Amino acid sequence: MNRRRKIYEGKAKILYEGPEAGTLIQHFKDDATANNAEKKDQFDGKGVLNNRISEYLFTRLSEIGVPTHFIRSMNMREQLIKEVEIIPLEVVVRNIAAGTICKRLGVEEGKPLPRSIIEFYYKNDELGDPLIAEEHITAFGWANPQEIDDIMSLAIRINDYLCGLFTGIGIQVVDFKLEFGRHFQGDIMRIILADEISPDSCRLWDIDTNESLDKDKFRKDEGGLIEAYQEVARRLGILSDNERVITKGPVLVK
Ligand code: TMP
């Protein structure tokens, strides 16, 4: 029986109460959704891969001075994180045109953008996460101008780091989504990176073939999602060539 108190269950993750005050356990599920959960499926081992990839990227980012919620790994699907007050924004950074920007602005998919673009979406499933302007963020009090500045400068640093890291392993960072939270320590509040960075929340294309190594495999029904996520993990050096992700516990033989 699971005695832990569930704090929140999202489409691909669950948050449980952590062992100490101010901490939570972030659990990565195998569920995948697309089109605001109209399309749903399960992929054995996706949660394990995303946990491992996100843990790796958050650790590297904190080494270059990006404050994150990650504390330590707990097990194959779970990590201990700092509790934050989530800012209700999905912060999308785009380097190459793909996804909704193509439909919205008529840009050709695969075209490098004139410069990296940061977009804000209001995190609200009922409304389908609409694109918003900074004006909406400040007018509705979702974040103040200083917080928006902090978020944008962190997003730019994260993009620079990820582009360098992934280029080195033959992958283009097309776009990705970040979430941030307010972390309180006594009277001090600072904005830190929260949620995850994984092939669920990024578009990652092989440099040579432009093959998607991300959730577009599922969105576009291409198949091979787990193989693509494994390839990302293998190239990052966090999954050895012959390692397979153990997805389920022992199977009962009847
Ligand atoms: P989009 O092209 O659908 O707007 O998505 C841009 C990138 O952000 C893509 O890598 C997927 C990611 N993303 C999420 O992971 N969750 C979200 O809710 C949104 C809006 C985008």
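The values are calculated or read from the model by the stated rules, or taken from the named source; none is laboratory data. Keep in mind that what you see is a predicted model, and the values were worked out from it rather than measured. Note that each Cβ is placed from the backbone with ideal geometry, even for glycine, and that neighbours are counted across all protein chains shown.
For this structure, a couple of remarks:
- 3 or more residues out of contact with any Ser or Thr (no Cβ under 8 Å at 6 or more places or on another chain) and modelled with pLDDT of 95 or more: qualifying strands (runs of 3 or more DSSP E) within region 144-254: 171-185, 188-194
- The set of residues in region 196-220 that are out of contact with any strand residue (DSSP E or B) (no Cβ under 9 Å at 6 or more places or on another chain), among the charged types (D, E, K, R) and farther than 29 Å from L15 by Cβ contains only D208.
Residue-by-condition table, conditions (1) of a type in the set (S, T, Y); (2) farther than 24 Å from D221 by Cα; (3) touching a Gly at 6+ places or on another chain (Cβ under 7 Å); (4) assigned to a loop (DSSP other than H, G, I, E, B):
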position	(1), (2), (3), (4)
L24	no, yes, yes, no
T33	yes, no, no, no
G47	no, no, no, no
N50	no, no, no, no
Y56	yes, yes, no, no
S62	yes, yes, no, no
G65	no, yes, no, yes
I71	no, yes, no, no
M74	no, yes, no, no
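- Scanning region 55-83 for residues that are small (G, A, S) and either touching a Phe, Trp or Tyr at 6+ places or on another chain (Cβ under 8 Å) or under 15 Å from I192 (Cβ atoms) (or both) yields S62, G65.
- Subset of region 128-151 (residues that are within 16 Å of the ligand (Cβ to nearest atom) and either within 20 Å of the chain's Cα centre (by Cα) or in contact (Cβ under 8 Å) with a residue 24 or more places away in the chain (or both)): G128, D129, P130, L131, I132, I137, W142, I151
- Residue within region 174-194 that is crowded, with 20+ Cβ neighbours inside 10 Å and without any contact (Cβ under 8 Å) to a residue 40 or more places away in the chain present: no
- Filtered residues of region 99-127 (kept if part of a loop (DSSP other than H, G, I, E, B) and within 9 Å of the ligand (Cβ to nearest atom)): G99, K123
- The single condition among (1) more than 26 Å from R234 (Cβ to Cβ); (2) in contact with a His (Cβ under 8 Å, 6 or more places away or on another chain); (3) among the small types (G, A, S) that G47 does not satisfy is (1).
- R72 vs. criteria among the charged types (D, E, K, R) and within 30 Å of I207 (Cα to Cα): no
- Taken together, the residues in region 113-140 that are more than 29 Å from T33 (Cα to Cα) and either surrounded by 17 or more Cβ atoms within 10 Å (Cβ to Cβ) or of a type outside the set (A, V, I, L, M) (or both) amount to 4.
- Contact map, region 42-57: residues that are under 18 Å from F176 (Cα atoms) paired with residues that are modelled with pLDDT under 95 and not in a helix (DSSP H, G or I), Cβ distance under 7 Å, separation 6+ or inter-chain. Pairs shown: L49/V245.
- Positions within region 84-98 being in contact with a Phe, Trp or Tyr (Cβ under 7 Å, 6 or more places away or on another chain) and in a strand (DSSP E or B), in sequence order: L89, E90, V91, V92, V93
- Residues that are within 8 Å of the ligand (Cβ to nearest atom) and of a type outside the set (D, E) within region 82-92 comprise just one, V92.
- For region 206-225, the criterion of being within 16 Å of the ligand (Cβ to nearest atom) and within 19 Å of T68 (Cβ to Cβ) is met by none of the residues.
- Answer residue from region 166-205, given it is more than 13 Å from V92 (Cα to Cα) and basic (K, R) and is nearest to the ligand (Cβ to nearest atom) among those: R182
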